[in-house]
């Protein structure tokens, strides 16, 4: 966990050495984009929060209606993964305090909202936290493929619309996926401990 956080904190230092590459890739994506698709990419980028928040809520509601304890636990895990990713991303944003690309480089065309600090991409973090947690909870190709395709589209939209550097998006993807994985492992550890305690209690009788 400590190594993971340290890596993310050092990420801006590494990207500082490749800032020219970072802005070069962004310019290529943003300035050469098909502007007729701006509405489509705004729709994709705006779907991040509703889908990331709505999915675990809907799954939780369905599990309650069906009295399905297993899917209830999965829904809670997915929700906690997204919340954790959002919290980590917000903390890092203000700790690093990197200006948005359109602020530093006026030629970058801002085609959607983007006001908080740039690093990491919160939209991308939420999307990959959802995609990873859903894929771990329901490891089927027809869940995994569309989940990561959507998350990747969200990440790309943030660059296409000029509000994030590629390194912001990459860090957001790592943070989101990492948060979901850590929550998954934490759930496994808690579950194993409960089973051990149950066995100990049973052995007493």
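Quick note: the coordinates plus some simple rules give every number you see, no bench work behind them. Predicted model only: the values in this text are computed from it and were never measured. Using ideal geometry, Cβ is built from the backbone for each residue, glycine included, and neighbour counts are taken over all protein chains shown.
Looking across the stretch 45-80, the residues that are within 20 Å of residue 155 (Cα to Cα) and surrounded by 22 or more Cβ atoms within 10 Å (Cβ to Cβ) come down to 45, 48, 52, 78. Here residue 172 passes the criteria (1) assigned to a helix (DSSP H, G or I); (2) more than 16 Å from the chain's Cα centre (by Cα); (3) under 22 Å from residue 38 (Cβ atoms) except the one numbered (2). Would you confirm whether or not the stretch 110-120 contains a residue that is over 16 Å from the mean Cα position of the chain (by Cα), farther than 26 Å from residue 32 by Cα and either touching a residue at least 24 places away in the same chain (Cβ under 8 Å) or surrounded by 21 or more Cβ atoms within 10 Å (Cβ to Cβ) (or both)? No - not one qualifying residue is present in the stretch 110-120. Inspect the stretch 132-151 for any residue being surrounded by fewer than 21 Cβ atoms within 10 Å (Cβ to Cβ), under 26 Å from residue 41 (Cβ atoms), out of contact with any strand residue (DSSP E or B) (no Cβ under 7 Å at 6 or more places or on another chain) and in contact (Cβ under 8 Å) with a residue 40 or more places away in the chain and give the result as yes or no. Within the stretch 132-151, one or more residues are surrounded by fewer than 21 Cβ atoms within 10 Å (Cβ to Cβ), under 26 Å from residue 41 (Cβ atoms), out of contact with any strand residue (DSSP E or B) (no Cβ under 7 Å at 6 or more places or on another chain) and in contact (Cβ under 8 Å) with a residue 40 or more places away in the chain. For the stretch 81-96, filtered to residues that are surrounded by fewer than 20 Cβ atoms within 10 Å (Cβ to Cβ) and under 12 Å from the mean Cα position of the chain (by Cα), the residue that is nearest to residue 136 (Cα to Cα) is 83. Screening the stretch 51-165 for helices (runs of 4 or more DSSP H) wholly inside it with 2 or more residues that are in contact with a helix residue (DSSP H, G or I) (Cβ under 7 Å, 6 or more places away or on another chain) returns the ranges 69-96, 122-137, 141-160.
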